[in-house]
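Worksheet: the structure to be examined is printed underneath.
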Amino acid sequence: MKIIVLGTGYVGLVSGVCFAAWGHDVVCVDKDASKLALLRQAKAPFFEPGLAELIKETAAAGNISFASSLSACISGASLVFVAVGTPPSQVDGAADLSQVFAAAAEIANTADAGTVVVMKSTVPVGTGDKVQELIATIRGQDDVAVISNPEFLREGCAIADFMGPDRVVVGTENTQARRLMLEAYKPLVARKVPFVFTQRRTSELIKYASNAFLAAKITFINEMSDLCEKVGADISDLALGMGLDGRIGPSFLNVGPGYGGSCFPKDTLALLKVASEAGVKLSLVKESVAANQNRKSQLAGRLAALLGNEMAGKTIAVLGLSFKANTDDIRESPALTMIADLQAMGAKVRAHDPAAMPLAQKALEDVVFCADPYACAEGAAAMVVVTEWPEFKQLDFARLRAVMRGNVILDLRNLIDAQKARYHGFVVGCLGRPAGLRQENGADAAPSSTAGVEVNVGSHA
Ligand code: UDX
């Protein structure tokens, strides 16, 4: 089957490469000449584990090619996936659909009759109707179907998510389009992955509702973490105890510095805009957005509290700049908010990230970028772990102590072995634990593991 994918961002490129890996004949289209040049050399234009290898494999197999315009490649395509960006408008947070409508116009002018246009970009409910109308108006006839197929992949594990999703959602009532989608996703049909066929509008809303729900779930656990700190409870055990309830589930209950990335912050705002236009109050989503912003803006204050509220002139080592591990994406990263606030308090910031430094260098000023955590820690009064990169779990605390001026570590992911760090003389602040924000030393450190918790899943059968 010939498939076109418009847009080579995370969603577009990963989808295109995965469809190609499943044996389809895929053309990825993008206007960005520098991206195309990289892709044509079988190189990935952004960091995503496994992506470069899969581009190489599918290009070598002749299943994928790259083009700068639709007109040269659209003929004979059964499905045209639209995966262009829908960034938040600077004015009111609504999704900016200009790239979607530009793509629709280009499709209208070039597609064969019977082509199916699949909206994979995250778009507000009703966008499919508008795209269908625009294409029909330009063509003078309604011979191109527009359907919705939101994508749920996460950065950092995008290929595994695309190839093994929990479900595939398809919004269409057109039987030919439905048949083509089952053909495109044949390996998933064979593996009995659930397909949710629904109306186009419902499909569009499923994506926003899913992201908003997950954002609210994270916000809930983050607020519970604050409560744990105040009342002497432990967030790890609390999340474990909650998550084992099958109705709640264990995922997305990891406490952290607040959610970031290109989706949750943008999609929650866009959903609120859709709801307010419809006259519906989504109070839970609204509160999640506010609480998450508030959480990010309190991070520097947490560190200041550990340093006796004296930040001016101090050097702070920041470990992790991406919004989460296994990506170089820094969009809406809590690290950026924290660094700006630390600088405003008069601190000098040194930073290290295994993947995000090239992008961070363009976005941040007056930050010293360092090749590894130990270079980053040199002369620092405190170190903050903001992103849960696996390598930060293995820090050599003796080596850190030797190069740091101070002895404070703030762990915003509860990642490091706090007891080990305390043994080496560090004062450790973590999240949602009785001693989370109290100054401590090796002698009075409270156990921070899940000691005493026994989980015996399945033993009651
Ligand atoms: C998200 C959705 O998960 C995905 O389905 C959608 O297609 C795009 O948006 P992504 O932004 O790549 O994916 O990352 P995700 O793993 O969902 O994490 C989002 C944010 O939440 C990150 O900042 C992460 O650190 C944070 N998070 C996630 C937590 O703080 N705690 C958790 O338990 C999970």
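The values are calculated or read from the model by the stated rules, or taken from the named source; none is laboratory data. The structure presented is a predicted model; accordingly, all values stated were derived computationally and were not measured. Note: ideal-geometry Cβ built from the backbone for every residue, glycine included; neighbour counts use all protein chains shown. In case anyone asks, the SASA skips ligands and DNA or RNA and just uses the protein heavy atoms, side chains included. Shrake-Rupley method; radii C 1.70, N 1.55, O 1.52, S 1.80 Å.
Screening region 234-256 for residues that are crowded, with 18+ Cβ neighbours inside 10 Å and among the β-branched types (Val, Ile, Thr) and picking the one that is nearest to the ligand (Cβ to nearest atom) gives VAL255. Kindly indicate whether ALA145 is among the aliphatic types (A, V, I, L, M) and either within 16 Å of the ligand (Cβ to nearest atom) or touching an Asp or Glu at 6+ places or on another chain (Cβ under 6 Å) (or both). Here the answer is no, as ALA145 does not meet what is asked. The residues of region 328-368 that are acidic (Asp, Glu) and more than 16 Å from the ligand (Cβ to nearest atom), listed by number, are ASP341, GLU365, ASP366.
Among the residues of region 328-366, those that are among the charged types (D, E, K, R) and open to solvent by 60 Å² or more (accessible area, probe 1.4 Å) comprise ARG331, GLU332, LYS348, LYS362, GLU365, ASP366. Being within 15 Å of the ligand (Cβ to nearest atom) and not small (Gly, Ala, Ser) is the filter; apply it to region 299-327 and report the residue that is most open to solvent (accessible area, probe 1.4 Å). This residue is ASN326.
When region 39-57 is examined, which residues are found to be crowded, with 19+ Cβ neighbours inside 10 Å and not in a loop (DSSP other than H, G, I, E, B)? Correct list: LEU39, LEU51, LEU54, ILE55.
Of the numbered criteria (1) within 12 Å of the ligand (Cβ to nearest atom); (2) touching a Pro at 6+ places or on another chain (Cβ under 9 Å); (3) without any contact (Cβ under 8 Å) to a residue 12 or more places away in the chain, the one VAL231 fails is (1).
Which of the residues that make up region 237-256 are of a type in the set (Val, Ile, Thr) and within 23 Å of GLY429 (Cα to Cα)? It would help to see each step written out before you state the result.
Start the filter on region 237-256 by keeping residues that are of a type in the set (Val, Ile, Thr), which leaves 248, 255.
VAL255 - this is the single residue of region 237-256 that is of a type in the set (Val, Ile, Thr) and within 23 Å of GLY429 (Cα to Cα).
Yes/no matrix, rows are residues, columns are (1) more than 26 Å from GLU391 (Cβ to Cβ); (2) of a type outside the set (Asp, Glu):
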| site | (1), (2) |
| --- | --- |
| GLU287 | yes, no |
| ALA290 | yes, yes |
| GLN298 | yes, yes |
| LEU303 | no, yes |
| MET311 | yes, yes |
| SER333 | no, yes |
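Inspect all residues belonging to region 431-442 and state whether any of them is surrounded by fewer than 13 Cβ atoms within 10 Å (Cβ to Cβ), assigned by TED's automatic domain parsing to the domain that holds VAL231 and modelled with pLDDT under 95. Yes, region 431-442 contains a residue that is surrounded by fewer than 13 Cβ atoms within 10 Å (Cβ to Cβ), assigned by TED's automatic domain parsing to the domain that holds VAL231 and modelled with pLDDT under 95.
Consider ALA270 carefully, then state whether it is in the same structural domain as SER225 (by TED's automatic domain parsing), within 13 Å of the ligand (Cβ to nearest atom) and assigned to a helix (DSSP H, G or I). It is true that ALA270 is in the same structural domain as SER225 (by TED's automatic domain parsing), within 13 Å of the ligand (Cβ to nearest atom) and assigned to a helix (DSSP H, G or I).
Would you confirm whether any residue within region 277-285 is open to solvent by less than 60 Å² (accessible area, probe 1.4 Å), part of a helix (DSSP H, G or I) and farther than 25 Å from LEU336 by Cβ?
no
ALA158: small (Gly, Ala, Ser) and more than 16 Å from the ligand (Cβ to nearest atom), yes or no? Steps first, answer last, please.
Details: small (Gly, Ala, Ser): yes; more than 16 Å from the ligand (Cβ to nearest atom): no.
Judged against the criteria, ALA158 is not a match.
Restricted to region 161-177, and to residues that are out of contact with any Ser or Thr (no Cβ under 6 Å at 6 or more places or on another chain), free of Cβ contacts under 8 Å to residues at least 60 places away in the same chain and closer than 17 Å to VAL11 by Cβ, which residue is most open to solvent (accessible area, probe 1.4 Å)? Per the stated criteria, the residue is ASP166.
Here is a check on your reading of the model: is ALA209 out of contact with any Ser or Thr (no Cβ under 9 Å at 6 or more places or on another chain), within 12 Å of the ligand (Cβ to nearest atom) and open to solvent by 30 Å² or more (accessible area, probe 1.4 Å)? Judged against the criteria, ALA209 is a match. Of everything listed in (1) open to solvent by 60 Å² or more (accessible area, probe 1.4 Å); (2) in the same structural domain as ASP25 (by TED's automatic domain parsing); (3) away from the ligand (no atom under 13 Å from the Cβ), the single unmet condition for LEU180 is (1).
For every residue, the table says whether it meets (1) over 22 Å from PRO150 (Cα atoms); (2) surrounded by fewer than 17 Cβ atoms within 10 Å (Cβ to Cβ).
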| site | (1), (2) |
| --- | --- |
| ASP32 | yes, yes |
| LYS35 | yes, no |
| ALA59 | yes, no |
| PHE66 | yes, no |
| GLY76 | yes, yes |
| ALA95 | no, no |
| ALA103 | no, no |
| ALA108 | no, no |
| THR115 | no, no |
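Look at (1) in contact with a helix residue (DSSP H, G or I) (Cβ under 8 Å, 6 or more places away or on another chain); (2) more than 11 Å from the ligand (Cβ to nearest atom); (3) open to solvent by less than 70 Å² (accessible area, probe 1.4 Å); (4) assigned to a helix (DSSP H, G or I) and you find that THR202 fails only one, number (1). Restricting ASP92, ASP112 to residues that are outside any helix (DSSP H, G or I), under 30 Å from THR175 (Cα atoms) and more than 16 Å from the ligand (Cβ to nearest atom) narrows the list to ASP112.
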